[in-house]
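Working notes, structure below.
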Amino acid sequence: MQNDWSRLEEISKKYSTVSGLMSYVNADTLMAEFKRQSRKKAKGIDGISKTDYEENLEENIENLIKRLKNFSYHPKPVRRTYIPKDNGQVRPLGIPSFEDKLVQGAMANAMESVYEPRFLECSYGFRVGRNAHQCIADMNHTLMFKKVNYVLDADIKGFFDNV
């Protein structure tokens, strides 16, 4: 829930280290993540959709929490598919199972609450409420109105395919 994430963000601002993130992955936050998930997304390797998971939602969430708490939860392998690119090549895409999407979403919210207050204002990559257009505007302002000694432009081809 937003309240849980706000509380976690305040703790992160106050202390240099934060522990106990798993306590924020609970029935409320998993249910909120369930509601946030789209029904149109592709199914993972187990073939379970949001509609399928919803049939026994409370029981499924309760079972998931039990497995998370006793460390018996294990993510399923992702289903690999390939998306065509404009240049004729393909880009690999991994599709997690629906339950894994719930856990990933809840954990992403917890980690975002911890790290977002710590990021520099000049950081734009993969941040909520920030985009490439804002980055370009910031870079333009910096280059035009501030002293700049050098500019480095780097692009590592296929970086995420090889990490």
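A few comments on the model shown:
- Any hit, the stretch 66-74, residues being touching an Asp or Glu at 6+ places or on another chain (Cβ under 8 Å) and not aliphatic (A, V, I, L, M): no
- For the stretch 45-87, filtering for residues that are assigned to a loop (DSSP other than H, G, I, E, B) and open to solvent by 70 Å² or more (accessible area, probe 1.4 Å) leaves 13.
- Sub-7 Å Cβ pairs linking a first residue in the stretch 20-42 that is over 21 Å from D52 (Cα atoms) to a second residue that is polar (S, T, N, Q) and at pLDDT below 95, at least 6 apart or interchain, number zero.
- Cβ-Cβ under 6 Å pairs, at least 6 apart or on other chains, the stretch 45-65 side of a type in the set (D, E), far side open to solvent by 40 Å² or more (accessible area, probe 1.4 Å): D46/K76
- C135 being free of Cβ contacts under 8 Å to residues at least 24 places away in the same chain and open to solvent by less than 80 Å² (accessible area, probe 1.4 Å): yes
- Just one of the listed residues (A110, A106, A132) is more than 14 Å from the chain's Cα centre (by Cα) and small (G, A, S), and it is A132.
- Conditions (1) surrounded by 10 or more Cβ atoms within 10 Å (Cβ to Cβ); (2) in contact with a Leu (Cβ under 9 Å, 6 or more places away or on another chain); (3) part of a loop (DSSP other than H, G, I, E, B): number failed by V151: (1)
- Single condition M144 does not satisfy, out of (1) open to solvent by 60 Å² or more (accessible area, probe 1.4 Å); (2) touching a residue at least 12 places away in the same chain (Cβ under 8 Å); (3) hydrophobic (A, V, I, L, M, F, W, C): (2)
- Looking across the stretch 88-129, just one residue is among the aliphatic types (A, V, I, L, M), loosely packed, with under 10 Cβ neighbours inside 10 Å and in contact (Cβ under 8 Å) with a residue 12 or more places away in the chain, and that is V128.
- Residues of the stretch 13-44 classified as part of a loop (DSSP other than H, G, I, E, B) and either surrounded by 13 or more Cβ atoms within 10 Å (Cβ to Cβ) or of a type in the set (S, T, Y) (or both), total: 12
- Within the stretch 125-163, the residues that satisfy the criterion of being touching a helix residue (DSSP H, G or I) at 6+ places or on another chain (Cβ under 9 Å) and either over 27 Å from L93 (Cα atoms) or modelled with pLDDT of 90 or more (or both) are V148, V151.
Each row is one residue, and each column tells you yes or no for (1) over 29 Å from L93 (Cα atoms); (2) of a type in the set (A, V, I, L, M, F, W, C); (3) touching a Cys at 6+ places or on another chain (Cβ under 8 Å).
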| position | (1), (2), (3) |
| --- | --- |
| K13 | yes, no, no |
| M31 | no, yes, no |
| K35 | no, no, no |
| I45 | no, yes, no |
| K50 | no, no, no |
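The values are calculated or read from the model by the stated rules, or taken from the named source; none is laboratory data. If you're wondering where the values come from, they're calculated on a predicted model, not measured in any experiment. Note that each Cβ is placed from the backbone with ideal geometry, even for glycine, and that neighbours are counted across all protein chains shown. Just so you know, the surface numbers come from the protein's heavy atoms only, side chains and all, with ligands and any DNA or RNA stripped out. Shrake-Rupley method; radii C 1.70, N 1.55, O 1.52, S 1.80 Å.
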